[in-house]
1. Loop only by DSSP, 10 or fewer other Cβ within 10 Å of the Cβ. Give me the trypsin sites (Lys or Arg not before Pro) in the range 1-37 that pass, ordered by residue number.
2. Place a label point 7 angstrom from the Cα of Ser17 along the Cα-to-Cβ direction, then list the residues of the range 143-168 whose backbone nitrogen is under 16 Å away.
3. Points 7 angstrom from Cα along the Cβ direction at Ile162 and Ala53: gap in nanometres?
4. Mind giving me the nanometre distance, one decimal, between the label points for Ala79 and Ala142, set 7 Å out from Cα along Cα→Cβ?
Amino acid sequence: MKLYPLFLFMATATVLSPGPGVVMTLTNSLRYGMKGTIGGIIGISVGALVVAAISATSLGILLATSAVAFTIMKFIGAAYLVYLGIKLWNAPAFHFKEHAPHEASFHRRFVEGISLQLTNPKAIFFFLSVFPQFIETSSSFALQFSVLVLTYSLLVIVVHCIYAFFAQRAKIWLTSEKGGRALNKAGAATFVFFGAALATAKR
């Protein structure tokens, strides 16, 4: 795979760029700590695998060639992201000392992460539009697909763990009344922005 270095660079830039998944990781880190964030991060990573798998199937081809299917998909995703934004906007300011262990279960955070990633415009557009360009027709599709997708998923875990770590370092401000409210609003605005971007996206 001659283009692997370029893929690594583009995938890293995509994962690093702020988006719904990053917002979720930051908020989970502040609410539940590093341990309570792992489930969501793995969910986001597995979600990337699912999105990639779909892009390689007939559904991926359908979404790439059918205007109707693409439109339905993007509006469902957009509605979900806007819903998350409204929910976060109306949520009380974060308070680090207010632990909710029953809400920080690995399973619940995992499901939340994978559900979000399935509607994440960054992942959807990356695997439907950018990803195919790195597949060489002269080589084994299965091997290339596995290496590239696993690379992306591992990058998700590494980058989001870094985000969670730095969120912990900045928790004194972020979890103050002012900082917590600002984080809520910024996160909510991000969700709504990406929802609007997905709804207005054209192929």
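No value in this document is a laboratory result; all are computed from the given coordinates. Everything numeric here is computed off the predicted structure, so don't read it as measured data. So basically every Cβ, Gly included, is an ideal-geometry build from the backbone, and we count neighbours across all protein chains shown.
1. Of the trypsin sites (Lys or Arg not before Pro), the ones in loops of the range 1-37 whose Cβ has at most 10 other Cβ atoms within 10 Å are Lys2.
2. In the range 143-168, the label zone of Ser17 (backbone N under 16 Å from the point 7 Å along Cα→Cβ) covers 156.
3. It is 2.8 nm.
4. Roughly 3.9 nm, to one decimal.
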